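S.K.: Have a look at this one before I ask anything.
The values are calculated or read from the model by the stated rules, or taken from the named source; none is laboratory data. In this text the structure is predicted, and so the values were computed from the model without any measurement. So basically every Cβ, Gly included, is an ideal-geometry build from the backbone, and we count neighbours across all protein chains shown. The protein model used for the area step is the full one, side chains on, heavy atoms only, and it has no ligands, DNA or RNA in it. Shrake-Rupley method; radii C 1.70, N 1.55, O 1.52, S 1.80 Å.
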Amino acid sequence: KGTTMYNPSEQFAEFSKTNVAQATKFAALSLENAEKLVKFNLGATKAVFAQSVEGAQAVAGVKDVQDLLALRTKLAEAQVQTAVGYSRHLYELATEAQAGYSALAEEAFGSYTKGMAAWVDNASKSAPAGSDVAVNAFKSTIAATTAAFDQFQKASKQVVSLADAPDGPAPPGGADGL
């Protein structure tokens, strides 16, 4: 019977290729998220600058104290709205980034688990007689780790969905976030 020999260097090379691919995906996702954040902050900076110029021009045109007080209130409201809008959009960007990183982690762990299972299967075919107990223990460890990761993943998704739920806990300062 022609038994194929277990070749750990081939599996190690495949494992390394997978790790490089995952690292590349992680770097690309990180750069994409950083680019979104930079664009958003640059846009927000431009908007705040324009709002400041507009406010300075309005202050320069004030003729009496009553107008100044009314303008002060109007400018404060505009600043609060800008800050709230900034916070909401920043939260959306962070949520989107977290979802991307979570999907990448799920993919990486799934790939790692499959690779480890294949490695154990191949190694067990070449293992000496009587090593069944050790191989089965290793397989059980992998299965338990996978199950624990799945539970952690489900719990994390529940926490995120609870935090994003419209009827979830009210933000500090009231129901409308102000």
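S.K.: Output the number of residues of region 107-127 satisfying the condition of being closer than 18 Å to GLN151 by Cβ and either touching a Lys or Arg at 6+ places or on another chain (Cβ under 6 Å) or open to solvent by less than 60 Å² (accessible area, probe 1.4 Å) (or both).
M.R.: Result for region 107-127: 4.
S.K.: Pull up region 142-170, narrow it to residues that are assigned to a loop (DSSP other than H, G, I, E, B) and open to solvent by 60 Å² or more (accessible area, probe 1.4 Å), then point me to the one that is modelled with the highest pLDDT.
M.R.: Only one residue fits best here, namely PRO166.
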